[in-house]
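What follows is one structure encoded as structure tokens, with my remarks underneath.
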Amino acid sequence: MYYGDLSDSEQISNVIYNIKPDEVYHLGAQSHVRVSFEAPEYTGNITALGATRILEAIRRSGNSIKFYQASSSEMFGASLPPQSESTPFIPRSPYAAAKVYAYWMAANYRDGYGIFASNGILFNHESPRRGETFVTRKITRAVASILSKKQDSLFLGNLDARRDWGYAPEYVAFMWKMLQNEKPEDFVIGTGESHSVREFVDEAFSYAGLDRDEYIKIDPRYYRPTEVEELIADSNKAIKKLKWKSEIKFKELVKIMVDADLRAYGLEPFGEGDEILKKKFPNRWWGVD
Ligand code: GDD
């Protein structure tokens, strides 16, 4: 294990020099959209310039190193759905603007210096390992916490926002696939379905037999100055060229995440989420966490 910091180019160069990697998967970022409004400069430094620092270290190393840039569906921002590789970027947050910059740096290092650099434009991908301040995990954790009698309300922001939510392990497998492609190119990845935050709440609470109206409260603190209303992936390029297929659909994802949080709280999972994973990924380590 080597340690580094995306704000420190010398350290990054040293790590690239010492490891001489074949492939770099660059997922590091200040990745929380709401936080980026509070810390716009820091977000630019880490999320935008961090990518440049790695790309520059790769270029200077002179080694043949493939580079994956974790681009984001947030880059589409106000562009109407469905969004594909040719949809214009209209970023709606400091985070999204920083990701657009990093996207173009990867494309420029590919075109200018011949580096094998590919952008995966990934729509929201979730799992039991999702950070607790992102909305999906916040909701599924709250369900477990309410059932454990540790919490009696859940404060959320905009319930009308719509996202294309998929299961993260499948997306990570596709990142690897992108770097095994014969040439570097960009791909949009998502499920092709959108659902509102309200639907996510409904699904999670009804799976647990809870009445959402008893628990959900709105706190404007979680509103964003500018919001992304709706994201739906048009992944046709990935489906045709690299056989992308999302196995886990919305309702299944909710159940997987609720079951995992119940277990984390020492409660008995309802079991449907575990069953889905066993059925769909019988031989994969990511089946049941
Ligand atoms: N976090 C959060 N907390 N979001 C809330 C809440 C709340 O209490 N209430 C409503 N929301 C709404 C947000 O306004 C947003 O529209 C939606 O729920 C999803 O918010 P997040 O889960 O924070 O994710 P995100 O869509 O902003 O960004 C995530 O996905 C991107 C890919 O599209 C992050 O993982 C980004 O790093 C990633 O690029």
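Some points to look at:
- Residues within region 1-55 that are hydroxyl-bearing (Ser, Thr, Tyr) and either open to solvent by 40 Å² or more (accessible area, probe 1.4 Å) or part of a loop (DSSP other than H, G, I, E, B) (or both), tallied: 9
- The helices (runs of 4 or more DSSP H) found entirely in region 235-289 that carry 3 or more residues being under 22 Å from ASP164 (Cβ atoms) and open to solvent by 60 Å² or more (accessible area, probe 1.4 Å) are 236-242.
- Taken over region 61-71, the residue count meeting the criterion of being open to solvent by 10 Å² or more (accessible area, probe 1.4 Å) and either within 12 Å of the ligand (Cβ to nearest atom) or assigned by TED's automatic domain parsing to the domain that holds ARG224 (or both) is 1.
- In region 117-234, counting only helices (runs of 4 or more DSSP H) that sit wholly within it, the ones holding 3 or more residues that are open to solvent by less than 30 Å² (accessible area, probe 1.4 Å) span 135-147, 168-180, 197-207.
The values are calculated or read from the model by the stated rules, or taken from the named source; none is laboratory data. Because the structure is predicted, anything quoted here is derived from the model rather than measured. We place every Cβ from the backbone using ideal geometry, glycine too, and count neighbours over all the protein chains shown. Side chains included, ligands, DNA and RNA excluded: accessible areas come from the protein's heavy atoms. Shrake-Rupley method; radii C 1.70, N 1.55, O 1.52, S 1.80 Å.
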